[in-house]
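Novice: Below you will find the structure I want to go over with you.
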Amino acid sequence: MSAALSGAVDLSALKARADAARKQSAQPAPAPTEGGQTSVIDVTEATFQSEVVERSLRQLVVVDLWADWCGPCKQLSPVLERLAGQAGGAWVLAKIDVDANPRVAQLFGVQSIPTVVAIAGGQPVDAFSGALPEPEIRKWLNALLDALKDKLPEAGVAAPADAPEDPRFTEAEAAFERGDFAEAETAYQRILDAEPANEHAKAALAQVRFAARASVVDPTAVARADAEPGNLDAQLAAADFEVAENKIEDGFARLLNVVRRTSGEDRNRVRQHLVGLFELFDPADPRVAKARRDLASALF
């Protein structure tokens, strides 16, 4: 598989995200730090200077820029809050509602949320966007704390180690990594049979099915589809190939054009395929949001 396809079907990230979600209910709420200060604080434009800038002179401050309407924020924020509570005062989480505090969002040049910014010594030192899986966030935090331990008086305590992995997801990921897409699909389906509401298993299953299709697409699929605009199979295969090659917007646009010029069962088949491609990405991805709007316009 191409590097782009590997990125598009990162099941290890999905597995980790699912593990984090299942462990969340068993974890305690964020606790006060040893100094009596809370590990999670709500920050406004009025308190930004004291709670973020000044605090960062002695302690790492991790700023979580979020909004109530943001679905990925609701996945990420609980993970950050739990890690802050476990950190023993090594860092503090500052939560900022971008809708209520737009000038702070402008200050950071935020283009999408969630966005997380690490502040130390009064300056941004690193950042990421999107709902990363918990193991990646831990790794990011530990690297920051290691780099800052000799620079800030209250930094240097690493986040605790990961909890044990869910063996069901480990089995599914192992099957995927050895290229056994059928076994990986079966493993994720077993999880869904036991837990029909497990959103992470649903997302992983969509990724596996896409990987299975994309791994066998002929590299000439795009040329064939362009030469045969009425061949639905060729159009679907070409869209898969384009998405796998990280030409996301091209793949979406191809199927949108097919939706516009078809009707009945053919249109419904292409629509379902396109919606399936949407499920491979963060719902807040602007490419997905635009394509969803375009699809609604094409259908109605």
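Novice: For a quick check of your reading of the filter: which GluC sites (Glu not before Pro) in the range 36-124 sit in a DSSP loop and have no more than 16 other Cβ atoms within 10 Å?
Specialist: Numbers: sites: E45, E51, E54, E81; in loops: E45.
Answer in residue order: E45.
Novice: Could you rank the peptides 84-91, 266-273 by their average count of other C-beta atoms within 10 Å per residue, with the highest value first?
Specialist: On the way: 84-91: 21.5, 266-273: 16.1.
Peptide ranking by packing, descending: 84-91, 266-273.
Novice: Working out 0.36 nm times the residue gap between T186 and D99, then minus their Cα-Cα distance, what length gain in nm do you get to one decimal?
Specialist: 27.1 nm
Novice: Tally Lys/Arg at +1 and Asp/Glu at -1 over every other residue whose Cβ is under 9 Å from the Cβ of D97; what's the total? Mind dumping the intermediate values first?
Specialist: Numbers: positive: K95; negative: D42, D68, D99.
Charge balance near D97 sits at -2.
Novice: Distance between Cα centroids, the range 234-300 to the range 127-147: provide it in whole Å.
Specialist: So the separation of the two Cα centres works out to 32 Å.
Novice: What's the extension gain from Q106 to Q49 if we count 0.36 nm per residue and subtract their Cα-Cα distance? Could you put the intermediate results ahead of the total?
Specialist: Working: separation 57, 0.36 × 57 = 20.52 nm, distance 1.51 nm.
Computed gain between Q106 and Q49 is 19.0 nm.
Novice: Which ³J(HN,Hα) values in Hz, rounded to whole numbers, follow from the phi angles of the range 193-199 under the Karplus curve 6.51 cos²θ - 1.76 cosθ + 1.60, where θ = phi - 60° and Gly and Pro get x?
Specialist: With coefficients 6.51, -1.76 and 1.60, one gets 4, 7, 9, x, 8, 6, 5 Hz.
Novice: About the Cα centre of the range 167-299, how large is the charge dipole given +1 on each Lys and Arg Cβ and -1 on each Asp and Glu Cβ? Please answer in debye to the nearest 20.
Specialist: On the way: 18 positive and 24 negative charges, 120 e Å.
The calculated dipole for the range 167-299 is roughly 580 debye.
None of the figures in this text is laboratory data; all of them are computed from the coordinates on show. On a predicted model such as this, the values are computed, not experimentally measured, just so you know. Glycine gets a Cβ as well: all are built from the backbone with ideal geometry, and neighbour counts include every protein chain shown.
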